[in-house]
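Here is the structure we will look at.
Every number in this text was worked out from the coordinates using simple rules, so none of it is lab data. Remember, predicted model here, so these are calculated numbers, not experimental data. Using ideal geometry, Cβ is built from the backbone for each residue, glycine included, and neighbour counts are taken over all protein chains shown.
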Amino acid sequence: MSPCTDELVFSEQLWSQPEFRSMKIGNIFPGLERVNDWEAIESSSVRTNNILSRAGVRDWATLTDKTLGNLNAIPNLGEKVFKEVLLAGFTTWSHLSEEQRASEHDEGMDTSPHITKEQGSKTEAVKRADDFLELLRAATAEFGSLTIDDVLADLVNNKEWANSRPLWRKIHDEGLDTFLGLEQADESSWEALLSFTEDDLEIVRLRIFPADKKVTLTELGEVLGVTRERVRQREARTKELLTRRANDSMTAIGIKTLVSRLTRQAVRPIERRQLRELALEAVKRTSSVGADYELRTSVLVGMCTSLVALNDRLTTPEVASRLLNLREQIPQKFPYLVPSKTGDLIRVQSEAFGIPEDWLLEFLSVRSINSNYVFWSNSLNDHAVAVLEAEAKLLSMDEIHDLVGFERNPRSLGNAVQGDSRIRRRGKELYGLDSWGGEEYEGIETELRQAIERAGGKVDLDETVQRFVIEFDVSERSVRSYASSRAFHINGDGQLMLSSDIEMPEQESKGVNPGDQKDLVKLNETWNLRVKVDFELLRGSGRQLRKAAALISGLEPDVVLGFEYEGGVVMFSWNGRQPSLGSLRNIAISKQCVEGDLLFLPLDGEEPRVCSVVRGRELESRQGASRLSLELGAGETGDPDEQLRAICESLDLALGADWSDVSDRLLRRREPDLANLIGEDADRYQWLKCHQNLKMFLRIHPH
């Protein structure tokens, strides 16, 4: 083969065609390594000389030992310098005699530059392209394809016809990479990409593509023995060079193929750990034994820049967009039931991308219950509401706890259910959604009274018992036990009525001082009932009422009264010897009460009446008289005299009362725990008063 006469075409082909990348320069110019004259390079540009000199290339022997890929990987060596070096080599080589070009072991070998077999002829790639174009023409003529998408689909869908075409069979037999002549990644690809000094490789390993946490510039500067700014400059230069090499088809097309195929495997969202394992396998296939697998794996993973993070997984932008759009279709507010159309879409996406359903549901904040999907927030009471929505029936607390998850604290779940206005108690242990309608269960006794009142004064006991058992999930024995109490009367026909033989309250009750009654406090000239919020109150249970409190509220025997408060109506009833108070659940919810809070319920005044609350956390943070003042609803003040006066007013003590009077009143009220709060605060107060009195006496009687 004769040497190439067009030097420019010669150098451009070597620069642009990947098949020459692994060829050594010594094989292109045999015998050039024995030339000592470096004048052709020295007479070239200063930039070319400096670039080769910094890379340690100062003679033809060193240069001819490198591959074209190695040459291209030299820092700052671009296309212009590449051509200049090759043309200098070609010029020097062309002046050698045939004897100088030959060596002892390569006699008889072709000594012309190894480029294409015939200058100007079509390359193998062009030939393959022409063959494939002819196949597309034939398919278009056969099936009437209109677009490139149509013709490719026709080839796939009409396998019998496609397999009858030799080129189609060749593509399948050889594989796509072989047919396309795709450059495969190998050790020389990695060397061309990562041809750096040891210090620069440390920057790549610890800053640009770190396997773990990226080290700071200062930390890396201390390791390399340079300043922080110098590390930053070298990092920028190294990153720029890496980017240029990665985008250079001649040096990194094989690496780019690895990156693209690694990215393609993330169509099904995969964990970072899995992506790294796949990258490590690809590195081992394309690297020589003993290579730095860890660094190359980090580089390969770091080059997958198009991947999008979704929670703890990575996927392609297209899949990420679809999943994010799907998440926007999930209802974030009550009601939480996911529409059936969206639920079907969740199943389709899970199957289409091979995504584990449990991961997809966690990403969408969705839970599957009874073949239904519901939005699953972080709130415990929202979980309970979602469970009731999905089951669409009354559930016991145990059933709700089972569906919400046993890892959740059952007491916390109970408090959440009791305190949510969207949930209504529908039986002794049954709960449903308020939106389903129906009256809230308030206890067997209250329900019996309401049933009798609705029926006009009497109901059939057996029928009522059966209805309560079914509707409220209570036992027959419990219903009959309440019906047999003194509050009710059963006649000979089995009819249940309110008792007509009610004992009148003891007359002395009307003469009792309310200030001596436990849990009664006077706030703003109005008597209030002091109620401690507990689990039973939050679940809607009623409680007994002291007769003094009943009389203050205007209640009389055999009377049921309802008073309107901010938050709802509270029922006061006096049936039998002991008055009772209805459910305070709605009041507690409106005031956002939790267990341990104190609720002060006004017993008279204009409606709607306003309740006050003292938070349990405030009580726990106070001691002595300050806590006593809060316990009695009197607030707190920094002035001891004002604080004592407020406490005395809440206990209805006369003006001028002192701490001993307060203590006596609390003990009469059978509240020794409150009396014990006075303690040292009262002693200190008495000492201050004595000191003030003594000073006053000495001022009046100085002698």
Candidates per chymotrypsin sites (Phe, Trp or Tyr not before Pro) in the stretch 366-455, loop by DSSP, up to 14 other Cβ within 10 Å: 406
Label point at residue 22 placed 7 Å out along Cα→Cβ; residues across the stretch 274-294 whose backbone nitrogen lies under 18 Å: 282-291
Farthest positive-ward along the chain dipole, Cα basis, beta-carbon charges - from 418, 340, 68: 418
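Rounded to the nearest 0.05, what FRET efficiency do residue 353 and residue 140 give with R0 = 30 Å and r taken as the Cβ-Cβ distance? Could you check? Write down the numbers at each step before the final one.
Details: r = 33 Å, r/R0 = 1.09.
After rounding, the FRET efficiency stands at 0.35.
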Among 291-297, 543-549, the order from most to least packed when residues are scored by Cβ within 10 Å on average: 543-549, 291-297
Rounded if a/c under 1.5, otherwise prolate or oblate - the stretch 581-660, Cα gyration tensor axes: oblate
The chain: calculated mean residue ellipticity at 222 nm from DSSP helix runs of at least 4, using -39500 (n - 2.57): -14500 deg cm²/dmol
Computed lengthening from residue 490 to residue 95, 0.36 nm per intervening residue step minus Cα-Cα distance: 129.1 nm
Rounded if a/c under 1.5, otherwise prolate or oblate - the stretch 398-450, Cα gyration tensor axes: prolate
Within the stretch 193-244, trypsin sites (Lys or Arg not before Pro) in DSSP loop having at most 10 other beta-carbon neighbours inside 10 Å: 213
Shape of the stretch 402-553, Cα gyration tensor, a/c cut at 1.5: oblate
Karplus (6.51, -1.76, 1.60) ³J(HN,Hα), θ = phi - 60°, over the stretch 581-597, in Hz, Gly and Pro reported as x: 10, x, 5, 9, 4, 5, 5, 5, 5, 5, 9, 6, 7, 10, 4, x, 6
Structure-derived Cα extents along the principal axes in Å: which label, when the choices are (1) 89, 58, 48; (2) 84, 64, 48; (3) 140, 94, 38: (3)
